[in-house]
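Q: Shown below is the structure under consideration.
The values are calculated or read from the model by the stated rules, or taken from the named source; none is laboratory data. Here the structure is a predicted model, which is why all the values come from computation and not from measurement. Positions of Cβ are generated from backbone atoms using ideal geometry, with glycine treated the same way; all protein chains shown enter the neighbour counts. Areas reflect the complete protein model, heavy atoms only, side chains present, ligands, DNA and RNA absent. Shrake-Rupley method; radii C 1.70, N 1.55, O 1.52, S 1.80 Å.
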Amino acid sequence: DLVDAQVTAADGSAYDVLFVGTSNGRLLKAVNSVSYKSRKNPKTVIIEELEVGEGHVTGLNIVKTGTSSGQVLVSSKTRILSLPLYRCHKARVCRDCIALQDPYCVWDVQEASCRGSVSGWGSAKGSPKESQILQSVLTGRHSGCGGEPGLPTQSTEGGGAVITQGREGKGKDRKSVV
């Protein structure tokens with residue numbers, strides 16, 4: 001298990017993002033849906049569940065550099081994979097983006113897209129202004145999205161939405177390191 005500690009959300013609250021490797025080759029990405037400052041009992045929200053291979057995930061590591069969005073390295077007995085810390089672009093409409101409850105992701109109203117950042121919102125060069133972004137790690141709902149239809153997502157018991165589930169063997173989001 002691995003924690004990306006104190007990821008800064010759009011409102012300045014900090015959340016711990018957890019990456020959990022399973023014995024059956026899955027990577028779970030989760031967040032406690034209340035900030036450490038809150039007195040409420042936290043609810044763990046599964047943001048994403050990826051099938052990364054067969055067998056036990058033996059190691060996880062986070063790599064952040066100034067030139068990338070950050071990667072989580074996933075290792076097993078037979079290989080090492082490099083996956084993005086966030087896959088916000090998979091959410092195509094505001095409602096789906098907000099439903100992720102992912103502190104890395106915000107809905108950019110001006111660009112009409114779900115964007116991600118590892119350096120926090122408002123501080124990074126080229127970040128949208130606070131008035132132009134929507135996010136709700138706490139509830140996964142935002143009135144700024146209106147009543148727009150979203151893609152069907154798999155709802156999890158604790159809230160959130162799983163945007164990708166299944167084998168991660170193809171596509172630009174996965175790089176085989178070894």
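Q: Out of (1) out of contact with any Phe, Trp or Tyr (no Cβ under 6 Å at 6 or more places or on another chain); (2) surrounded by 17 or more Cβ atoms within 10 Å (Cβ to Cβ); (3) at pLDDT 90 or above; (4) not hydrophobic (A, V, I, L, M, F, W, C), the odd one out for G53 is which?
A: Just one mismatch for G53, condition (3).
Q: Within the stretch 24-32, identify whether any single residue is at pLDDT below 90, part of a strand (DSSP E or B) and either surrounded by 15 or more Cβ atoms within 10 Å (Cβ to Cβ) or in contact with a helix residue (DSSP H, G or I) (Cβ under 7 Å, 6 or more places away or on another chain) (or both), and answer yes or no.
A: Checked against the condition, which is being at pLDDT below 90, part of a strand (DSSP E or B) and either surrounded by 15 or more Cβ atoms within 10 Å (Cβ to Cβ) or in contact with a helix residue (DSSP H, G or I) (Cβ under 7 Å, 6 or more places away or on another chain) (or both), the stretch 24-32 yields at least one hit.
Q: Going by the structure shown, is G53 out of contact with any helix residue (DSSP H, G or I) (no Cβ under 6 Å at 6 or more places or on another chain), among the small types (G, A, S) and under 14 Å from L27 (Cα atoms)?
A: Numbers: out of contact with any helix residue (DSSP H, G or I) (no Cβ under 6 Å at 6 or more places or on another chain): yes; among the small types (G, A, S): yes; under 14 Å from L27 (Cα atoms): yes.
Against the criterion (out of contact with any helix residue (DSSP H, G or I) (no Cβ under 6 Å at 6 or more places or on another chain), among the small types (G, A, S) and under 14 Å from L27 (Cα atoms)), G53 qualifies.
Q: Do you know which of the residues in the stretch 33-50 that are open to solvent by less than 40 Å² (accessible area, probe 1.4 Å) and not in a strand (DSSP E or B) is modelled with the lowest pLDDT?
A: S35
Q: Would you check which residues across the stretch 63-106 are open to solvent by 60 Å² or more (accessible area, probe 1.4 Å) and under 12 Å from the mean Cα position of the chain (by Cα) and list them?
A: H89, K90
Q: Residue under question is Y15, and the condition is that it be of a type in the set (F, W, Y) and not in a strand (DSSP E or B); does it hold?
A: Details: of a type in the set (F, W, Y): yes; not in a strand (DSSP E or B): no.
Answer is no for this residue.
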